[in-house]
Amino acid sequence: MASQLAIQGGTPVRTKPFPAWPVHGEPEEQAVIRAIRSGKWGKLDGAEVAAFERDFARYQGAEHGIAVVNGTVAIQIALMAAGIQAGDEVIVPPYTFLATATAVVTSNATPVFADIELDTFNIAPQAIEALITPRTRAIIPVHFGGLPADMDAIMAIARRHNLVVIEDAAHAHAAEYKGRRAGSIGHMGTFSFQSSKNLTAGEGGFITTNDPALAEACREIHNCGRRKGHAWYEHFVISVNFRLSEVQGALLNAQLQRLEEQARRRWENGKYLNEQLERIPGIKPQTIIPECTRHAFHLYCFRIDARELGAPRQAFLKALAAEGIPNFGGYPLPLYKQRLFLDRAFGPYDGCRGIDYAKTCCPNSEAICYEQGGWLEHRMLLGTRQDMDDIVAAFRKVYENRDRLGA
């Protein structure tokens with residue numbers, strides 16, 4: 001007989017904590033002290049942000065990089081640089097953080113929600129194609145959890161319809177598609193350095209591109225509309241100050257030195273978990289497409305098929321947590337079900353005139369939100385093989401006791 005579940009008074013599989021996040025130490029402390037002691041705390045004065053822009057762009061395989069205050073602003077700047085205007089439509093997935101869509105709204109354009117693939121959690125190319133209208137100007141695929149989207153298919157659609165592709169790579173630092181890093185495949189890529197991200201300074205964002213004209217447009221927009229080679233008090237485009245600080249740049253320079261080793265460890269541990277967990281009936285790890293040559297595993301995503309598993313999702317996840325495996329059910333609703341969209345609470349932005357988001361329906365997104373989704377944090381994948389075996393053991397233990405979970 002399987003051992004008693006911890007949630008019912010048994011001994012948990014694990015009591016030891018998983019690795020903490022963020023990882024930091026003397027390199028980060030020395031970098032921040034260096035920036036402070038320089039007396040040059042703003043990007044326009046110092047060297048830290050400039051070094052990070054060069055090195056992170058190079059790391060992701062892009063020719064140009066612009067550091068900005070956060071990932072949301074990065075998307076908005078990319079849209080502005082692409083010439084998106086009021087009333088233009090931008091296709092986005094509904095299973096993503098709010099910023100992917102609200103950056104479209106604050107660019108005075110219209111987010112149109114295309115469903116995701118059930119097995120990858122990523123936007124479905126066929127869903128994109130079905131939603132293209134004469135007003136469509138851009139696509140924002142999200143590399144969800146760190147798994148690259150089907151970029152070959154997406155770029156082919158973009159070429160056929162003359163659309164701009166902005167990769168939302170907030171989860172995808174170091175992720176690779178056919179050996180190319182996220183953010184170097186579309187016309188632009190955007191990243192976040194918010195505190196939960198795989199590369200972090202607490203806050204911050206980034207734009208990558210291989211197009212020098214788009215790069216220059218992004219630089220103007222993030223720097224109060226100033227243009228290279230012109231006077232400080234000349235402003236050419238509408239903008240505000242979206243620049244990153246030198247202290248954040250210094251912290252990111254130190255964190256970047258850790259990223260490659262961390263990315264390799266997450267990749268190996270994530271593949272191992274997939275191999276082990278897919279053997280458990282009803283547990284469906286996020287499918288790694290053949291074109292993915294490295295998953296960033298910002299999230300370890302999986303689905304629970306309650307019918308095949310023989311127990312409700314929420315009961316399973318609650319029992320798993322009691323065994324010492326922290327987890328989340330993921331986003332509880334797709335973006336178009338947020339009150340913001342249902343109530344059309346867009347403030348001064350009128351790019352969404354005439355669209356009724358209550359009529360939007362994306363069945364795969366709703367299935368993952370309401371019935372199937374599950375996440376583990378990326379910090380857990382920085383652990384040892386024994387840590388991964390504890391995760392597998394806990395999943396198996398709960399599965400073996402599934403008939404005791406109830407409704």
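Remarks
Quick grid of which residues meet (1) touching a His at 6+ places or on another chain (Cβ under 6 Å); (2) within 22 Å of Cys218 (Cβ to Cβ):
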residue: Val23; (1), (2): no, no
residue: Glu28; (1), (2): no, no
residue: Lys43; (1), (2): no, yes
residue: Gly46; (1), (2): no, yes
residue: Arg54; (1), (2): no, yes
residue: Gly61; (1), (2): no, yes
residue: Val68; (1), (2): yes, yes
residue: Gly83; (1), (2): no, yes
residue: Glu89; (1), (2): no, yes
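- Scan of region 59-87 for residues that are of a type in the set (Val, Ile, Thr) and under 13 Å from Met188 (Cα atoms), ordered by number: Ile66, Ile75, Ile77
- Verdict on Leu251 being in contact (Cβ under 8 Å) with a residue 40 or more places away in the chain and farther than 25 Å from Gly46 by Cβ: no
- Filtered residues of region 368-401 (kept if surrounded by 16 or more Cβ atoms within 10 Å (Cβ to Cβ) and either in a loop (DSSP other than H, G, I, E, B) or not assigned by TED's automatic domain parsing to the domain that holds Ala322 (or both)): Gly383, Asn401
- Leu252 passes every criterion in (1) outside any helix (DSSP H, G or I); (2) buried (at least 22 other Cβ atoms within 10 Å of the Cβ) apart from (1).
- Test: residue in region 303-320 that is out of contact with any helix residue (DSSP H, G or I) (no Cβ under 8 Å at 6 or more places or on another chain) and β-branched (Val, Ile, Thr): no
- Number of positions in region 159-205 that are surrounded by fewer than 24 Cβ atoms within 10 Å (Cβ to Cβ), outside any loop (DSSP other than H, G, I, E, B) and of a type in the set (Asp, Glu): 1
Yes/no matrix, rows are residues, columns are (1) in contact with a helix residue (DSSP H, G or I) (Cβ under 8 Å, 6 or more places away or on another chain); (2) over 30 Å from Ser245 (Cβ atoms):
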site: Ala6; (1), (2): yes, yes
site: Gly9; (1), (2): no, yes
site: Phe18; (1), (2): yes, yes
site: Trp21; (1), (2): yes, no
site: Glu26; (1), (2): no, no
site: Arg37; (1), (2): no, no
site: Lys43; (1), (2): yes, no
site: Val49; (1), (2): yes, no
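- Of everything in region 300-314 that is surrounded by fewer than 19 Cβ atoms within 10 Å (Cβ to Cβ) and not charged (D, E, K, R), the residue that is nearest to the chain's Cα centre (by Cα) is Gln314.
- Condition check for Leu299: in contact with a Gly (Cβ under 6 Å, 6 or more places away or on another chain), in contact (Cβ under 8 Å) with a residue 40 or more places away in the chain and over 27 Å from Pro22 (Cβ atoms): no
- Scanning region 1-37 for residues that are farther than 17 Å from Leu317 by Cα and either basic (Lys, Arg) or modelled with pLDDT under 95 (or both) yields Met1, Ala2, Ser3, Lys16, Arg34, Arg37.
- Residue satisfying all of: in region 339-367; among the charged types (D, E, K, R) and within 24 Å of the chain's Cα centre (by Cα); surrounded by the most Cβ atoms within 10 Å (Cβ to Cβ) among these: Glu366
- Being surrounded by 19 or more Cβ atoms within 10 Å (Cβ to Cβ), modelled with pLDDT of 95 or more and part of a loop (DSSP other than H, G, I, E, B) is a description that applies to Phe297.
- Residues of region 243-274 satisfying the condition of being polar (S, T, N, Q) and under 19 Å from Ile207 (Cβ atoms): Ser245, Gln248, Asn253, Gln255
- Listing of helices (runs of 4 or more DSSP H) fully contained in region 8-123 that carry 3 or more residues being surrounded by fewer than 16 Cβ atoms within 10 Å (Cβ to Cβ): 26-38, 48-59
- Screening the candidates Arg243, Arg226 for the property of being of a type in the set (D, E, K, R), in contact with a strand residue (DSSP E or B) (Cβ under 7 Å, 6 or more places away or on another chain) and closer than 21 Å to Met80 by Cβ yields one hit, Arg243.
- Of all residues in region 162-176, those being under 15 Å from the mean Cα position of the chain (by Cα) and over 16 Å from Thr190 (Cβ atoms) number 1.
The values are calculated or read from the model by the stated rules, or taken from the named source; none is laboratory data. Please read all numbers here as calculations on a predicted model, not as lab measurements. Cβ sites come from the backbone with ideal geometry, for glycine too, and all protein chains shown count toward neighbours.
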